[in-house]
Amino acid sequence: MTFADLIVTNARVLTMDSENPAAEAVAVKDGLILSMGDKRSVLETRGPDTKMIDAGGGSVIPGFIEAHMHLFSGAAELAHLQLAGIAGFDALQGAIRGYAASNPNRKMLVGQGIDYTVLGSERVTRHHLDRILPDRPFVMGAPDHHTMWANTKALEMAGILHGRTLGPGNEIVMGEDGLAEGELREGEAFGPVVALAGEERARLGLSTGGEPDPAPTPEERAADRDILRRGLAWCARHGITSIQNMDGNLYQLELLSEIEAEGGLACRVKIPFHYKNFMTLDMLGKASAMAERYDSEWLSSGMVKVFYDGVLDSWTAVMIEPYADRPDWRGEPLFSPEEFAEVAVEADRRGLQIAVHAIGDGAVRAVLDGYEAAQKKNGRRDSRHRIEHIEVTTEADVPRFAELGVTCSMQPPHPPGAMGLPLEPTISRIGRKRWPLSYAWRTLKDAGAHVVFASDWPVSPIDPIAGIQAAVLRKPWAEGMPDQHFSLQEALASYTVEGAYAGFMEHRKGMLKPGYLADIAVLSGDIEATAPEALHAIRVATTICGGRITWQQ
């Protein structure tokens, strides 16, 4: 008789397997699903050492697959000042001064998650921040991580108060006095300020895609492993069992491998090679080497991440027609369409998966064109290349996703109006003409594309249940506009089944099925019986990854 290592009972099991959709209990053995079904039959596998988990009538689902996040930088930011929800100068001043007082020894103070409209229609400058904190360097970032605002002290220390020449798509906003205003758009602009915080190793996978230089000391390496452990624990706490990271370098893989050797990872992690616009095609050899060296069910690579454009809120997303509120501007791409096509052809030739940040409809079209060029040059294969975000697209491009086999990686917390985000100025920036195909999850799904959901943490809160609620409650911005919301079952699938598909692992995870990986989330209540408006009250009670409990309430 084979005895289970662990049994979850008294459960409403949502398997996400259409052939066997529900069960009362799940048994786990050696990191895999042993059996599932009615309580009595599953309990037959109970042995003297079987660990029992009583779900208390709560839902039991496959562990969430977080298909787009930034693990290292997100983990580092858990220690920063959190400014989400702050509105008005007085509230901002109180938060910053309070944080400064309680952190007297921090050489650089960093805030995260401040809304673009924190001062209403007035744009933040260094002068506002100087009134709050004149004598210590301070910088704060927008939720999308594409714009930061620094005080004069920080700009001086970073050597950018008088501006600096930057690459395309990056901008230090300058004032009429010839000095930086404090608004820094995109990573090249705010990189020198962020570096003052001493956390640049956590951002390298985003900022350069390169390795730490000089090499970290053993103490620095240990500190970085602790940061990553904190991030993995934060993921496990939210029911996440698999992470598809969206920035990367070899250093992150090495650190995670060391954590795995020391006692195991709390989540399965995929780390890409981040290809930047200053690199040359031969550098994709490093991506191939990373893919070869890391290829287990716990830690893998094999993906190339690229940024094609920026974001709508700072006019850095690339549009086909000009911005509705800036009729002379379409945004500036980080690659020309021809340059990106060369990258796509070469990465595809190497058998690597490609994931590209493309927000504006111009960027989305250029990336689809690049994928089409790769298919023509190399032949069609099951590449599952991805586009991340797709915040605006066009009618002509909608069918191309399914035709080219491109996965749509989208984020329910991102549309204006979702999860407390203001509608303005974003929807006016997009312009009413483009609203029907903005954040068009339903349109793309109905056109036959695979749609996978994620948070983009730390851009948005990590909680997949909050994301599911946002997807279910999504409302059109105006009457007569297409309804893009998902049903509960569809949203759950986009965080489980579709996440597994996006990672070429649908035969091993994303469902609860005998022989599949024992990656499981036990919820605090019955998610199917909960009103959509109350979904946020459902919590993760237990997370199991590879048969091991990684979080328990």
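Of everything listed in (1) under 21 Å from ILE65 (Cα atoms); (2) surrounded by fewer than 21 Cβ atoms within 10 Å (Cβ to Cβ), the single unmet condition for SER494 is (2).
I'd like to check something: does segment 439-448 contain any residue that is in a strand (DSSP E or B) and touching a strand residue (DSSP E or B) at 6+ places or on another chain (Cβ under 7 Å)? The answer is no, given that none of the residues of segment 439-448 is in a strand (DSSP E or B) and touching a strand residue (DSSP E or B) at 6+ places or on another chain (Cβ under 7 Å). Regarding ARG123, is this residue of a type in the set (Lys, Arg), outside the structural domain of ASP313 (by TED's automatic domain parsing), over 14 Å from GLU183 (Cβ atoms) and surrounded by fewer than 17 Cβ atoms within 10 Å (Cβ to Cβ)? It is false that ARG123 is of a type in the set (Lys, Arg), outside the structural domain of ASP313 (by TED's automatic domain parsing), over 14 Å from GLU183 (Cβ atoms) and surrounded by fewer than 17 Cβ atoms within 10 Å (Cβ to Cβ).
For segment 1-15, what are the residues that are of a type in the set (A, V, I, L, M), at pLDDT 95 or above and under 15 Å from GLY47 (Cβ atoms)? Listed by number, the residues that qualify are ALA4, LEU6, ILE7. Figure legend. Inter-residue proximity from segment 501-528: first residues among the β-branched types (Val, Ile, Thr), second residues in a helix (DSSP H, G or I), beta-carbon distance below 9 Å, spacing 6+ or different chains. Indicated pairs: ILE527/ILE465; ILE527/ILE468; ILE527/LEU488; ILE527/LEU492; ILE527/LEU535.
Scanning segment 322-356 for residues that are in contact with a helix residue (DSSP H, G or I) (Cβ under 8 Å, 6 or more places away or on another chain) and under 30 Å from ASP115 (Cα atoms) yields TYR323, ALA324, ASP325, ARG326, ARG330, GLY331, PRO333, PHE335, VAL356. For segment 389-408, give me each residue that is surrounded by fewer than 17 Cβ atoms within 10 Å (Cβ to Cβ), of a type outside the set (S, T, N, Q) and closer than 15 Å to GLY362 by Cβ. Once the filter is applied, which keeps residues that are surrounded by fewer than 17 Cβ atoms within 10 Å (Cβ to Cβ), of a type outside the set (S, T, N, Q) and closer than 15 Å to GLY362 by Cβ, segment 389-408 yields GLU395, ALA396.
Within segment 456-513, the residues that satisfy the criterion of being part of a loop (DSSP other than H, G, I, E, B) and of a type in the set (Gly, Ala, Ser) are SER460, ALA478, GLY480, SER487, GLY503, GLY510. For segment 253-264, filtered to residues that are surrounded by fewer than 24 Cβ atoms within 10 Å (Cβ to Cβ) and of a type outside the set (Asp, Glu), the residue that is farthest from HIS385 (Cα to Cα) is GLY263. Could you tell me whether ILE227 is of a type in the set (Val, Ile, Thr) and either assigned to a helix (DSSP H, G or I) or over 23 Å from LYS286 (Cα atoms) (or both)? In short, yes. Scanning segment 313-351 for residues that are in contact (Cβ under 8 Å) with a residue 40 or more places away in the chain and not in a loop (DSSP other than H, G, I, E, B) turns up TYR323, ARG326, GLU339, GLU342, VAL343, ALA344, GLU346, ALA347. Note on segment 398-428: among residues that are part of a helix (DSSP H, G or I) and polar (S, T, N, Q), the one that is farthest from PRO532 (Cα to Cα) is SER428.
Taking strands (runs of 3 or more DSSP E) as the structural unit, no element lying wholly within segment 1-112 holds at least 3 residues that are buried (at least 23 other Cβ atoms within 10 Å of the Cβ) and among the basic types (Lys, Arg). Determine, yes or no, whether ARG429 is within 17 Å of VAL318 (Cα to Cα), among the basic types (Lys, Arg), buried (at least 20 other Cβ atoms within 10 Å of the Cβ) and over 21 Å from the mean Cα position of the chain (by Cα). When the stated conditions are applied, ARG429 does not pass them.
Table: residues versus (1) among the basic types (Lys, Arg); (2) touching a Gly at 6+ places or on another chain (Cβ under 9 Å).
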position	(1), (2)
SER301	no, yes
ASP309	no, yes
ILE320	no, yes
PRO327	no, no
GLU332	no, yes
PRO337	no, yes
ALA341	no, yes
ARG349	yes, no
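Across segment 167-201, the number of residues qualifying as among the aliphatic types (A, V, I, L, M) and under 26 Å from the mean Cα position of the chain (by Cα) comes to 8.
Screening the candidates ARG40, ARG97 for the property of being modelled with pLDDT of 95 or more and under 30 Å from VAL110 (Cβ atoms) yields one hit, ARG97. Can you tell me which residues in segment 468-498 are of a type in the set (Gly, Ala, Ser), more than 15 Å from GLN411 (Cβ to Cβ) and in contact (Cβ under 8 Å) with a residue 40 or more places away in the chain? Listed by number, the residues that qualify are ALA478, ALA493.
For segment 456-476, check the following and say yes or no: at least one residue is touching a strand residue (DSSP E or B) at 6+ places or on another chain (Cβ under 6 Å), surrounded by 22 or more Cβ atoms within 10 Å (Cβ to Cβ) and either hydrophobic (A, V, I, L, M, F, W, C) or in the same structural domain as ALA531 (by TED's automatic domain parsing) (or both). Within segment 456-476 (the criterion being touching a strand residue (DSSP E or B) at 6+ places or on another chain (Cβ under 6 Å), surrounded by 22 or more Cβ atoms within 10 Å (Cβ to Cβ) and either hydrophobic (A, V, I, L, M, F, W, C) or in the same structural domain as ALA531 (by TED's automatic domain parsing) (or both)), the answer is yes, since at least one residue qualifies.
If only residues of segment 514-553 that are in a helix (DSSP H, G or I) and touching a helix residue (DSSP H, G or I) at 6+ places or on another chain (Cβ under 6 Å) are counted, the one that is nearest to ALA25 (Cα to Cα) is LEU535. Looking across segment 241-252 at every residue that is outside any helix (DSSP H, G or I) and in contact with a helix residue (DSSP H, G or I) (Cβ under 7 Å, 6 or more places away or on another chain), the one that is surrounded by the most Cβ atoms within 10 Å (Cβ to Cβ) is identified as ILE243. Comparison of VAL124, VAL173, VAL139 shows that the only residue that is free of Cβ contacts under 8 Å to residues at least 40 places away in the same chain and closer than 28 Å to GLU391 by Cβ is VAL173. Condition check for ALA541 on (1) under 19 Å from the mean Cα position of the chain (by Cα); (2) not assigned by TED's automatic domain parsing to the domain that holds GLU403: one failure, at (1).
The values are calculated or read from the model by the stated rules, or taken from the named source; none is laboratory data. Values in this document were obtained by computation on a predicted structure and should not be read as measured data. So basically every Cβ, Gly included, is an ideal-geometry build from the backbone, and we count neighbours across all protein chains shown.
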